[in-house]
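The values are calculated or read from the model by the stated rules, or taken from the named source; none is laboratory data. As the structure is a computational prediction, the values presented were derived from the model and not from experiment. Here the Cβ is made from the backbone with ideal geometry for all residues, glycine too, and neighbour counts use every protein chain on show. Accessible surface areas use protein heavy atoms only, side chains included; no ligands, DNA or RNA. Shrake-Rupley method; radii C 1.70, N 1.55, O 1.52, S 1.80 Å.
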Amino acid sequence: MESPSSDQVRTLLARFFDPAQGLGATIAGVTIKDGRVSVAIEINPARAAAFEKPRAEAEAAIAALPGIERASVVLTAATAPTAAQAAHTHAHGHSHAPAASQQPQLPPKRPLEGVRHVIAVASGKGGVGKSTTAANLALALAGLGQKVGVLDADIYGPSQHRILGLAGKPELTDNKQLEPKRAFGLKAMTIGLLVPEDQAMIWRGPMVQGALNQLLREVAWAPLDILVIDMPPGTGDAQLTISQQAPLSGAVVVSTPQDLALIDATRAVSMFKKVAIPILGVVENMSTYICPNCGHEAHIFGHGGAHDEAMRLGIDFLGEIPLHADIRRTSDEGTPIMIEAPDGPHAAAYRAIAERVLAKLEGGAGVKAPPKISIS
Ligand SMILES: Nc1ncnc2c1ncn2[C@@H]1O[C@H](COP(=O)(O)OP(=O)(O)OP(=O)(O)O)[C@@H](O)[C@H]1O
């Protein structure tokens, strides 16, 4: 059966989000593909609660259209003042729209109920092994007795379903939350299980923001000690959204030792600093190459660059992970090295990093231990 057109969906949406009511809702995007409809509605975040009912009704109405299998309507914070907001200028001449800053206006950070800590694993650029580090760090934290979840927020290139061997659509819980998948004792959720890869690729900013918010707020994460967010690589809008929406206790920045990766990692560090998120520390990935045949160590990308850069920036160095074929293979096959070889040297390296991260979280994230004063 043929799907309705985007115009038909917009007409239907106008019944629930009537611009004439002056509530400040704008239809920011409608995507229809293979019988699935994704809609992003930009709203004034201060009124988010009032929009929940029309959101749910609009979603049900779209899902009931002939030719539609699934509909998702998400509310996103307006990135610029809507016409209605702009009109809401105070008598004394100023408006409450964002000032010169181009940063999206996002709902204030709410804690995630039943989740003690949320940490971000980030990198300034793609391909440095951030997702592999996030998965193994999460498993190492679980090995230290923590209840851990992994949220794959890499909307444009999700990989946790591959790394953690997840498959199948997630189920809905009784109170209409998404049930996270289980993998090796972790709870896990990734956009990779929810939408076909090519669909997320074409999402515009507001839709990405909406999807990230849903992954954070509409998944039954609780109870958890630590939720590890595998961030999208880089320092763009999606990264800022998560940094501003998620109640982050701190961030781990992954870098390879090369100069260029380090420049990007430095950018990631300054992004977190700008939004006042403590940096838990830096991990140097692919630090030395260990030949799987003879065990010979070579410094292909240099060595210690991330350590030196961390020192220069005054942030902690959490540890290094070598470049090893077993780490790549296990990560690409869906059984991470922490599971396949828990007693090996690589697992030990991840465990040492996890211990440092945990110590920082328990001791107050980002807060350095006071210097020991010894009196002789
Ligand atoms: N320490 C390592 N040794 C060997 N291979 C590794 C190591 N870390 C990651 N890899 C491999 O490098 C590739 C990229 O890793 P990964 O997907 O974790 O990177 P990423 O930074 O998350 O990438 P993207 O930003 O593109 O999602 C994968 O094939 C992974 O298995």
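Summed over segment 4-42, the residues that are of a type outside the set (Asp, Glu), in a loop (DSSP other than H, G, I, E, B) and at pLDDT below 80 give a count of 4.
Restricting attention to segment 315-330, does a residue exist that is assigned to a helix (DSSP H, G or I), within 11 Å of the ligand (Cβ to nearest atom), in contact (Cβ under 8 Å) with a residue 24 or more places away in the chain and surrounded by 19 or more Cβ atoms within 10 Å (Cβ to Cβ)? Yes, some residue in segment 315-330 is assigned to a helix (DSSP H, G or I), within 11 Å of the ligand (Cβ to nearest atom), in contact (Cβ under 8 Å) with a residue 24 or more places away in the chain and surrounded by 19 or more Cβ atoms within 10 Å (Cβ to Cβ). When the strands (runs of 3 or more DSSP E) confined to segment 147-200 are screened for residues that are in contact (Cβ under 8 Å) with a residue 24 or more places away in the chain and surrounded by 20 or more Cβ atoms within 10 Å (Cβ to Cβ), those reaching at least 3 such residues are found at 148-152, 186-190. Can you confirm whether segment 131-142 contains a residue that is at pLDDT 95 or above and either over 26 Å from Pro257 (Cβ atoms) or not assigned by TED's automatic domain parsing to the domain that holds Ile327 (or both)? Yes, segment 131-142 contains a residue that is at pLDDT 95 or above and either over 26 Å from Pro257 (Cβ atoms) or not assigned by TED's automatic domain parsing to the domain that holds Ile327 (or both). Scanning segment 229-250 for any residue that is open to solvent by less than 20 Å² (accessible area, probe 1.4 Å) and at pLDDT 95 or above turns up at least one such residue. Among the residues of segment 118-130, those identified as more than 7 Å from the ligand (Cβ to nearest atom) and more than 12 Å from the chain's Cα centre (by Cα) are Gly124, Lys125. Spot the failing condition for Lys360; the list is (1) part of a loop (DSSP other than H, G, I, E, B); (2) closer than 29 Å to Pro247 by Cβ, and only one is missed. All conditions are met except number (1). Within segment 333-352, the set of residues being touching a helix residue (DSSP H, G or I) at 6+ places or on another chain (Cβ under 7 Å) and either within 12 Å of the ligand (Cβ to nearest atom) or touching a residue at least 40 places away in the same chain (Cβ under 8 Å) (or both) comprises Gly334, Pro336, Ile337, Met338, Ile339, His346, Ala347, Tyr350, Arg351. Reported count of residues in segment 144-160, each being more than 8 Å from the ligand (Cβ to nearest atom) and either in contact with a Phe, Trp or Tyr (Cβ under 9 Å, 6 or more places away or on another chain) or charged (D, E, K, R) (or both), is 6.
Hey, Thr133 hits all of (1) surrounded by 21 or more Cβ atoms within 10 Å (Cβ to Cβ); (2) assigned to a loop (DSSP other than H, G, I, E, B); (3) within 12 Å of the ligand (Cβ to nearest atom) but one; which does it fall short on? Of the numbered conditions (1) surrounded by 21 or more Cβ atoms within 10 Å (Cβ to Cβ); (2) assigned to a loop (DSSP other than H, G, I, E, B); (3) within 12 Å of the ligand (Cβ to nearest atom), the odd one out for Thr133 is (2). Among the residues examined, Val118 qualifies as in a strand (DSSP E or B) and either modelled with pLDDT of 90 or more or under 30 Å from Glu2 (Cα atoms) (or both).
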